[in-house]
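The values are calculated or read from the model by the stated rules, or taken from the named source; none is laboratory data. Keep in mind the model is a prediction, meaning the values are calculated, not measured. Virtual Cβ from ideal backbone geometry, glycine too; neighbours counted across all protein chains shown. Heads up: the accessible areas ignore ligands, DNA and RNA and are worked out on the full protein's heavy atoms, side chains in. Shrake-Rupley method; radii C 1.70, N 1.55, O 1.52, S 1.80 Å.
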Amino acid sequence: MNVPAFEYLPATSLAEACALLAAHAPGARVIAGGTDLLVKMKHRRLVPPYLVDLKDVPGLDHIRHDTGDGLRIGPLATIESVKQSVDVRKRYPMLHQAAACMATVPIRNRATVVGNICNGSPSAEMAPALIALGATAEIVGVDGARSALVEDFFVGPGCTILRPDEIVAELRVPEPSAGSGGIYEKYSLRRMDVALAGAAALVVPDGETCGDIRVVLSAVAPTPIRATAAERVLRGQVPTEALLAQAAAEAAAQSRPISDIRGSAEMRVKKVEELSGRAIRGALKAARLEVTR
Ligand SMILES: Cc1cc2nc3c(=O)[nH]c(=O)nc-3n(C[C@H](O)[C@H](O)[C@H](O)COP(=O)(O)OP(=O)(O)OC[C@H]3O[C@@H](n4cnc5c(N)ncnc54)[C@H](O)[C@@H]3O)c2cc1C
């Protein structure tokens, strides 16, 4: 099956890319790695007459950490380069874990982190960790720049807050709070497959208590979601086995998965309980908090 014909529009700056998108709206799309876009085009699920390529724009593949400022990920930084980054592995282990279990090395060498988010899939591998860490998307368009939490970026399956002329110019991930611990867990038929369910948990300790906690689910609702009811169970509490089980059950209750050829909604709800329980337990351990009986 061939990719349908399109006009190729290479940009040499982000401003030019936004102007090209605006001039050809709504028929133009940005292409980064093309691992989502070209597949959709081959299957005629998307047939954009214009593709605006960012590859000739210099300096967009950065992964930079500055103490105090946090992590910056450019729109051409690949998932594999994020996985390989020493700063990411050391300071943002959850992001490393998510990158490591996405697809295969050849796909990861093309696929970008920003493209993963902009594709708007409810199962976007990088979304739970980015949301748990409080990441923002820095967006540029013909009318200027704006910033949005990744948590607010997804609107529905395949839909994001981006307007037709807008581009994500960078993802910014704040410095995690001192002593915090985060874990990403994924369930898929094979490790490299798209998630049937995903869960990330980030715990910030306060003495013996779970001072703050974020639990984020993917692939079990029209967008990635915060499991806020699960968070409420543990926030400010000394973690116990009973509270941990209750939090996992609340996460499952908040999920709204669909049944499809890969699995039933019932199976996914069960997996959410299991995955979120594992992610929360792992995050508590990474934050050096003991779970008492
Ligand atoms: C075999 C295979 C396995 C896969 N496995 C997984 C998996 O396990 N988990 C998973 O989450 N995904 C998976 N994917 C999907 C895909 O690889 C990822 O979502 C990838 O990160 C997309 O990045 P990309 O750079 O290729 O995006 P592209 O395909 O280039 O673009 C995707 C979308 O984002 C838009 N876009 C890209 N960059 C920008 C930008 N800077 N600003 C605005 N819009 C932008 C494009 O217009 C397009 O709509 C898989 C794909 C394949 C082919």
- Of the listed residues (Val30, Val52), the one being touching a Leu at 6+ places or on another chain (Cβ under 7 Å), part of a strand (DSSP E or B), open to solvent by 20 Å² or more (accessible area, probe 1.4 Å) and not charged (D, E, K, R) is Val30
- For the stretch 67-102, what are the residues that are within 16 Å of Glu175 (Cβ to Cβ), among the hydrophobic types (A, V, I, L, M, F, W, C) and outside any helix (DSSP H, G or I)? Leu71, Ile73
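Matching residues to (1) open to solvent by less than 40 Å² (accessible area, probe 1.4 Å); (2) out of contact with any helix residue (DSSP H, G or I) (no Cβ under 7 Å at 6 or more places or on another chain); (3) in contact (Cβ under 8 Å) with a residue 60 or more places away in the chain; (4) within 13 Å of the ligand (Cβ to nearest atom):
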{"site": "Met1", "(1), (2), (3), (4)": "no, no, no, no"}
{"site": "Pro4", "(1), (2), (3), (4)": "yes, no, no, no"}
{"site": "Leu9", "(1), (2), (3), (4)": "yes, no, no, yes"}
{"site": "Thr12", "(1), (2), (3), (4)": "no, yes, no, no"}
{"site": "Pro26", "(1), (2), (3), (4)": "no, yes, yes, yes"}
{"site": "Gly34", "(1), (2), (3), (4)": "yes, yes, yes, yes"}
{"site": "Arg64", "(1), (2), (3), (4)": "no, yes, no, no"}
{"site": "Thr67", "(1), (2), (3), (4)": "no, yes, yes, no"}
- Message: Of the conditions (1) aliphatic (A, V, I, L, M); (2) in contact with a Pro (Cβ under 7 Å, 6 or more places away or on another chain); (3) in contact (Cβ under 8 Å) with a residue 60 or more places away in the chain, Val30 satisfies every one except a single condition; which number is it?
- Response: (2)
- Query: How many residues are part of a strand (DSSP E or B) and within 28 Å of Val155 (Cβ to Cβ) when one looks only at the stretch 224-245?
  - Reply: 2
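Return the residue satisfying two criteria in turn: it lies in the stretch 188-203 and is surrounded by 21 or more Cβ atoms within 10 Å (Cβ to Cβ) and within 18 Å of Leu130 (Cα to Cα), and of such residues it is nearest to the ligand (Cβ to nearest atom).
Checked the stretch 188-203; the qualifying residue nearest to the ligand (Cβ to nearest atom) is Ala195.
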- Residues being open to solvent by 30 Å² or more (accessible area, probe 1.4 Å), of a type in the set (S, T, N, Q), within 10 Å of the ligand (Cβ to nearest atom) and in contact with a strand residue (DSSP E or B) (Cβ under 8 Å, 6 or more places away or on another chain): count how many of those fall in the stretch 103-152. 0
- of a type outside the set (Asp, Glu) and more than 10 Å from the ligand (Cβ to nearest atom), is that true of Pro93? yes
- Task: Consider only pairs whose beta carbons are under 6 Å apart and that are at least six residues apart or on different chains; among these, list those whose first residue lies in the stretch 119-132 and is among the polar types (S, T, N, Q) and whose second residue is assigned to a loop (DSSP other than H, G, I, E, B) and more than 6 Å from the ligand (Cβ to nearest atom).
- Result: Ser123/Ala195; Ser123/Ala219
- Conditions (1) outside any strand (DSSP E or B); (2) at pLDDT 95 or above; (3) aliphatic (A, V, I, L, M); number of the one not met by Ile258: (2)
- Please name all residue pairs, on different chains or six or more residues apart, with Cβ atoms under 8 Å, provided the first residue is in the stretch 252-265 and is farther than 17 Å from Pro224 by Cβ and not assigned by TED's automatic domain parsing to the domain that holds Gly198 and the second residue is β-branched (Val, Ile, Thr) and surrounded by fewer than 17 Cβ atoms within 10 Å (Cβ to Cβ). none
- Regarding Val88, is this residue in contact with a strand residue (DSSP E or B) (Cβ under 9 Å, 6 or more places away or on another chain), open to solvent by less than 10 Å² (accessible area, probe 1.4 Å) and within 13 Å of the ligand (Cβ to nearest atom)? no
- Unique residue being of a type in the set (Lys, Arg), open to solvent by 60 Å² or more (accessible area, probe 1.4 Å) and under 22 Å from the mean Cα position of the chain (by Cα) when the list is Arg278, Arg288, Arg268, Arg232: Arg278
